[in-house]
Amino acid sequence: MKQATRSTGRVVVFAGAAALLTLMLIGHTWIPDTDGLGVAIDTAAPWLGALIPILAVVAVLCRCPAGAVAALAPLLAWTYLFGSWWAPVPGTHPVSTSASVRIVSQNLFAANTTPLATARALAAIDADIIAVQELGGTNREPALRILDDIYPYRTESGTVGLWSRYPISDTTPVDVGVDWHRGLRTHITTPAGDLVVYVVHLPSIRPGDTATRNRGLALLSRELTADRAEHIVVAGDFNTASTDRHWTAFAPGYRDIHSGAAFTWPAAFPLARLDHILVRGLKITGTSVSRLPGPDHRAISAEIGGVES
């Protein structure tokens, strides 16, 4: 009788753990965002799958086959939500054409100890448009020295900047919810057509404070939605994972060109995609993520093949 009771107890424990993990995967956005907990779990959601084999192995070691079978529930949920993220996707590397425009975005990292190497690596990408965040301090002089020699056009607003092979005009600052400029909007005349390009750096999430970032997202979302330009690119560090509860409703009508596990932060071992390139009214022929020396984020790039018909 005692053995049966213990066996039943183990089944209840493992089945309960499997059910809880399944609910966290499916309903992570329902968890209250108290002191940033909800957003943290949103960001970690794809990695909750790592708990599934642990649950199954522990169930086997505890001689609870029913508990191991229960692990199938969160496995199915994870596969449905995130399994395709790790599947090979054809055409993810930029393919240039005579009318295409390549854009790269990189957070330079304020504490960068090798800014000259970062600037040289950015130049070596040979993009047509370079968008940067955290342009200032020790990053500024090397970036200007290297990139100004290659790109005839440059524009800045606070700590964000843009270099271009093509003419720039009408640059204005963009409010992302902080007391200094961390966003800009500009026009670029390119072979792919006239583009409006935004470069943005949203506020960081701090322990106990997601409100500042959320306010910045809301401000930017309203501005992007109200923008009447037909062909728009938005590039930068959004400090927002693609699984964040505030991302789903962000900037209706825009498309996030990177999909799946194109993680960008931290650079050494990326766990989340905080950097994004969004487009409206444009065709994308390829995307890539690359690690440059120095920054704590990886660079993201996209090949714009022309306007959508």
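Rounded to the nearest 500, the 222 nm mean residue ellipticity of the chain from helices alone is -9500 deg cm²/dmol, with -39,500 (n - 2.57) taken per DSSP H run of at least 4 residues.
For the charge dipole of the stretch 125-215, defined by +1 on Lys and Arg C-beta atoms and -1 on Asp and Glu C-beta atoms about the Cα centroid, which residue among LEU195, VAL176, ILE150 has the Cα displaced farthest towards the positive pole? Farthest towards the positive end: VAL176. Once each of the trypsin sites (Lys or Arg not before Pro) sitting in a DSSP loop with at most 15 other beta-carbon atoms within 10 Å is removed, the chain keeps 64-227 as its longest stretch.
Can you compute the charge dipole magnitude of the stretch 36-170 about its Cα centre, using +1 on each Lys and Arg Cβ and -1 on each Asp and Glu Cβ, nothing else charged? Give it in debye, rounded to the nearest 20. Mind showing how you got there, number by number?
On the way: 7 positive and 9 negative charges, 84 e Å.
My answer is approximately 400 debye.
State which stretch of the chain is the longest one without any exposed GluC sites (Glu not before Pro), exposure meaning a DSSP loop state and at most 14 other Cβ atoms within 10 Å. Before the final figure, lay out the partial values.
On the way: sites that count: GLU230, GLU308.
Counting at most 14 other Cβ atoms within 10 Å as exposed, the longest clean stretch of the chain is 1-229.
Derived from the Cα gyration tensor, the three semi-axes of the equivalent ellipsoid of the chain are 42, 19, 19 Å, largest first. For the stretch 74-209, the fraction of C-alpha pairs farther apart than 25 angstrom is 39 percent.
Considering only DSSP beta bridges where both residues belong to the stretch 96-197, give the percentage that are antiparallel (nearest 5).
Numbers: 19 of 24 bridges.
Percentage antiparallel, nearest 5: 80.
The distance linking the stretch 279-308 with the stretch 188-265 is 13 Å (Cα centroid to Cα centroid, whole angstrom). Dipole size of the chain about its Cα centre, with +1 on Lys/Arg Cβ and -1 on Asp/Glu Cβ: approximately 1160 debye, rounded to the nearest 20.
Is the shape of the stretch 233-301 best called rounded, prolate or oblate, per the rule: a/c under 1.5 gives rounded, else a/b larger than b/c gives prolate, else oblate, with a ≥ b ≥ c the square roots of the Cα gyration tensor eigenvalues? It comes out oblate by the Cα gyration axes. A probe of 1.4 angstrom, applied to the heavy atoms of all protein chains, finds SER242 with accessible area near 30 square angstrom. Along the stretch 209-220 the Karplus relation, 6.51 cos²θ - 1.76 cosθ + 1.60 evaluated at θ = phi - 60°, assigns HN-Hα couplings of 9, 10, 5, 5, 4, 4, 5, x, 4, 5, 4, 5 Hz to successive residues, with x for each Gly and Pro.
Which whole-number percent is the relative contact order of the stretch 201-309 (Cα, under 8 Å, 6+ apart)? It would help to have the intermediate numbers written out before the result.
Values: 189 pairs, mean separation 25.7, N = 109.
Relative contact order comes out at 24 percent.
Principal axis extents of the C-alpha atoms in the stretch 167-298 (largest first, rounded to whole Å): 40, 31, 28. Here the stretch 228-309 is assigned +1 on the Cβ of each Lys and Arg and -1 on the Cβ of each Asp and Glu. Its dipole about the Cα centre then comes out at about 80 debye.
Karplus-based coupling profile of the stretch 136-147, in residue order and whole Hz: x, x, 6, 6, 5, 5, x, 4, 5, 5, 7, 7, with θ = phi - 60° in 6.51 cos²θ - 1.76 cosθ + 1.60 and x standing for Gly or Pro.
Please report the relative contact order for the chain, taking Cα pairs under 8 Å with a sequence separation of at least 6, and give it as a percent rounded to a whole number. Each step should come with its number before you reach the end.
Values: 655 pairs, mean separation 57.5, N = 309.
Relative contact order, the chain: 19 percent.
Per-residue SASA remark: VAL60, around 90 Å² accessible (1.4 Å probe; ligands, DNA and RNA not included).
The values are calculated or read from the model by the stated rules, or taken from the named source; none is laboratory data. None of these values were measured; they are calculated from a predicted model. A quick note on method: Cβ atoms are made from the backbone with ideal geometry, for glycine too, and the neighbour counts reach across all protein chains shown. Quick note on the areas: whole protein, heavy atoms, side chains included, nothing else; ligands and nucleic acids left out. Shrake-Rupley method; radii C 1.70, N 1.55, O 1.52, S 1.80 Å.
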